[in-house]
Amino acid sequence: MLSHIDIRDFAIVDQLELDFGAGMNVLTGETGAGKSILLDALGLCLGDRADSGTVRPGAKRADLSVSFRLAPDSPVHDWLAEHDLDEDGDCILRRTIQESGRTRGYINGRPAPLNLLKALGEQLVDIHGQHAHQLLLRRHVQRRILDEHADEGGALERVRSLHQQLRAVDEELRALEGDRESHEDRLALLRYQVDELAALELTVEGIEALEQEQKRLANAGALIQMAQQILDPLYDDEQSAQAALGRASRELDGHAGLDPALDEARELFGNALVQLEEGCDALRRFADNLELDPERLAWAEERLGQLSDLARKHRCRPEALPERLEALQAELAELEGAGERVQALREQRAALHRDYREAAATLSEQRQAHARALEQRVAGLLEELSMGGAELQIQVAFDAEAEPTPHGLDQVEFLVRTNPGQAFGPLAKVASGGELSRLGLALQVASTKGTGAPTLTLVFDEADSGIGGAVAEVVGRLLASLGQRYQVLCITHLPQVAAQAGCHFQVSKHSERDRTRTRVTPLTGEQRIQEVARMLGGVEISDNTLASAREMLERGAGRRRETA
């Protein structure tokens, strides 16, 4: 249950701390005193969207936190542990809002995104807003109310999951089938390009070798002539350098030992002769391996020309053509496999459609069964609210041929008749404003069917609007009965409702030095009698009004003792 709220620099609140009790808690006060500020702060801690206008003028940021006391067996413990947010003691949700509008959320002191705050908040608090009875006119709200009763075994969640899978399959199919003509054109081009490149049997090493061979063949004549021109004066002529070095080396050998200084020159000349002969031999072998082959040269140049043309076509270097071929082959394989993928997706879609319609039919059966139970429960509540004879009829129309939706194949509509024998009709056409308010409250009370954890907090924000007189006391008793199973937090203008609560808070607004502040005061004893009397009689409070207020509070306390 909600045990504590701490509000700092929010709207017209500079600092406010409140402790709430179990059972029914009420907030009362003049219109405009700021009662809704408390619920706004609670909503922000539970993940509602915020803006910079919520920060109190003159402050840099608003700081809001709420504490919840969890039962030892609460499933919230498992949720917190699953998200690594568990902590001993109370569960604390906090939200800060900067002047700029930037916000941060925390769960048990650890940063948490808004989606986690919202997911946790939905397990802790159920809020029934001011305009719940007006929202009741909307079909999707009617369906949601029914589903709160009917979704046993996760039928609705299964329908949503299958619908999501169907959408994913349909999107992929549309992408694959959307431009079939373009796909066929691309396939034809890819096949041509792959065949063209594959016919050349390309490898990076082969291309480099071909380029080297073409250079060698193109320059063979010049290279042979160059080699001979070098060899003639160095080796082949009678007066060659080799002959001169040979004579010099032999002459020095003949004088070896005469002078050690000659040994160095003799060794150098000998080495020079060996290197010259080896160099000439290498050059001769190179020239001997060269051949003048015009046909081979023409073939090499033609092949290189093909490679150059293909490289320009594919916007790459010739040596990158093998890599380009691999990429084209991969794309071709993918597109050729798309046909098989399309067929597989069609089969998957057909299977998902079957599963979806079976799940939607199961959900529809649950809705129809629970619709009768909800009708009976609401009828009993309407009788307590002085609408005896009024009946709610919930129509659940299953359309197996309808397009799949996340919520199934049902059209859900609430019909009502306010008098026996009258025809059922849509809420907006049959029920008056007051009747709609009472019907909305009955549905809100009925929607808390007792399956949630006892520590769940139910919030009613002026859910009793449009109701007065004797019916108001019945409303108070209904809310108090909910307080036996849940914690109830109720904002009300009705003294009959306020008198039923175990905890009563007065919200007031005060102006000091051109500043307006909201104050919340827990009421007990005489203070509470004065507040209920104010709600009964306005500004001038008579002794009779005080006596009525005291009697009303005593009746409420007596009922609480009886049901304790």
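What follows is calculated from the coordinates using simple rules that are stated; it is not laboratory data. This is a predicted model, so every value here is computed, not measured. Don't worry about glycine lacking a Cβ; one is built from the backbone with ideal geometry, like all the others, and counts go over all protein chains shown.
Key figures for this structure:
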item: Surface/4 estimate of mean projected area, convex hull on alpha-carbon atoms of the chain, nm²; result: 53.3 nm²
item: Spin-label proximity, Arg513 to the range 49-69 - amide N less than 16 Å from point 7 Å beyond Cα toward beta carbon; result: 57-59
item: R0 of 45 Å, Cβ-Cβ distance Arg285-Tyr192: FRET efficiency to nearest 0.05; result: 0.45
item: Cβ-placed point charges (K, R +1; D, E -1), dipole of the chain about Cα centre in debye, nearest 20; result: 4960 debye
item: Spin-label pair Arg250/Lys118, simplified geometry with 7 Å Cα→Cβ offset, distance in nm; result: 10.6 nm
item: Lys313 paired with Leu137, simple spin-label distance in nm, labels 7 Å along Cα-to-beta-carbon; result: 7.0 nm
item: Net +/- balance of residues flanking Tyr106 in space, Cβ distance below 13 Å, scoring K and R +1, D and E -1; result: +1
item: Relative intensity, log₁₀ I(q)/I(0), of the range 247-355 from a Debye sum that treats every alpha carbon as a point, q = 0.17, 0.18 Å⁻¹; result: -0.96, -1.00
item: At R0 = 25 Å, FRET efficiency that the Cβ-Cβ distance of Gln411 and Gln165 yields, to 0.05; result: 0.60
item: Stretch gain in nm, segment Gln484-Ala369, where the contour uses 0.36 nm per residue and the Cα spacing is subtracted; result: 38.6 nm
item: Extension gain (nm, one decimal) between Glu264 and Glu87, 0.36 nm per residue minus Cα-Cα; result: 54.5 nm
item: Once the Cα gyration tensor of the range 66-210 is diagonalised, semi-axes √(5λ) in Å; result: 55, 27, 17
item: FRET E, pair Glu323, Asp78, Förster distance 41 Å, beta-carbon r, rounded to 0.05; result: 0.15
item: Amide H partners (placed H, <5 Å) of Asp14, local residues excluded; result: Asp9, Thr518
item: Average projection area in nm² (convex hull over Cα atoms of the range 183-336, one quarter of hull surface); result: 14.1 nm²
item: Cα→Cβ-extended label distance, 7 Å offset, between Val204 and Ala298, nm; result: 3.4 nm
item: Filtered trypsin sites (Lys or Arg not before Pro), the range 25-86: DSSP coil and at most 15 other beta carbons within 10 Å; result: Arg49, Lys60
item: Dipole in debye (nearest 20) - the range 476-564, about Cα centre, beta carbon charges: Lys, Arg +1; Asp, Glu -1; result: 380 debye
item: Alpha carbon convex hull of the range 339-462, projected area averaged over orientations, nm²; result: 11.3 nm²
